[in-house]
Structures are given as C-alpha cells and as structure tokens.
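Just so it is clear, none of the values below were taken in a lab; they were calculated from the coordinates. Every value quoted in this text rests on a predicted model; they were computed, and no experiment measured them. As a convention, Cβ positions derive from the backbone with ideal geometry for all residues, glycine included, and neighbour counts pool all protein chains shown.
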Amino acid sequence: MGNSCESSQHERIYNSLNTKSYLARLYCSNDKGNVENINGLIRRFFPKVTEFDNILEEAIAYVEDWISNRPMKILNYMSPNQKVQQCSVVLAS
C-alpha cells in the first residue's frame, strides 16, 4: 500500500473523527472507483490534454463547486458539502 502525501495525515483525521479510513493500493484502479468517477466528472470540463497553467482559477473553482454540490448515491443523495455539514453538526454536539 502506498501512502502518498494527500493521505499522510489519514490517521490523525480518522482518530479525530472517530472513523476508519481505507487507502487504495498503488496502480489498482478497481480499489478507487469513486476517485475514478470524480476524475471522469472533471474530464467533462478539462480533457486529459488540458494545460492547467492556462485555465483560470475561477474555472477550476466552478468545477470544484459543481462536484461538491452534486448529490451522490453513496452519500444517500446528499452532496459532499451537505455530508460535511451534517458530520460537522454531529461532531459539534
């Protein structure tokens, strides 16, 4: 299992949230179906040949907002933003 920099704090995060985290194995796309799905959504806006140095930050922010507010079946049709807000309320209690 490879731990890249984006998952380097996973133990701290799941300990503070009292939850579990699972890391995908390197080069095993079947381990990360949701990640691949989100990548596909991003590709609707930015094809693989996109030079991100030439993309306005506003365009990237638009896509981030669109994905973060898009209902997802895995979240019982809540958006990621709604789920984070729900979890935040529970943690604050």
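At a glance:
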{"read-out": "Magnitude of the charge dipole, the chain, Cβ model with Lys/Arg +1 and Asp/Glu -1, debye to 20", "value": "500 debye"}
{"read-out": "The range 14-62: equivalent-ellipsoid semi-axes (sqrt of 5 x gyration tensor eigenvalues, Cα, Å)", "value": "28, 16, 9"}
{"read-out": "Extension reserve of the Lys48-Tyr27 stretch, reckoned as 0.36 nm per residue once the Cα distance is removed", "value": "5.7 nm"}
{"read-out": "The chain: most fluctuating residue of Pro47, Pro80, Pro71 per GNM, C-alpha cutoff 10 Å", "value": "Pro47"}
{"read-out": "Inter-label distance for Lys73 and Asn39, nm, one decimal - labels placed 7 Å from Cα along Cα-to-Cβ", "value": "2.0 nm"}
{"read-out": "Degrees separating the helix 57-68 axis from the principal Cα axis of the chain, which is the longest one", "value": "50 degrees"}
{"read-out": "Under-18-angstrom lysine pairs by C-alpha in the chain, whenever the two are 8 or more apart or on separate chains", "value": "4"}
{"read-out": "Convex hull of the chain built on C-alpha atoms - directionally averaged projected area, nm²", "value": "7.7 nm²"}
{"read-out": "Rounded to 10°, Cα long-axis angle of helix 33-45 versus longest principal axis of the chain", "value": "30 degrees"}
{"read-out": "MRE, 222 nm, helices only [DSSP H, n ≥ 4, -39500 (n - 2.57), over the chain, to nearest 500]", "value": "-15000 deg cm²/dmol"}
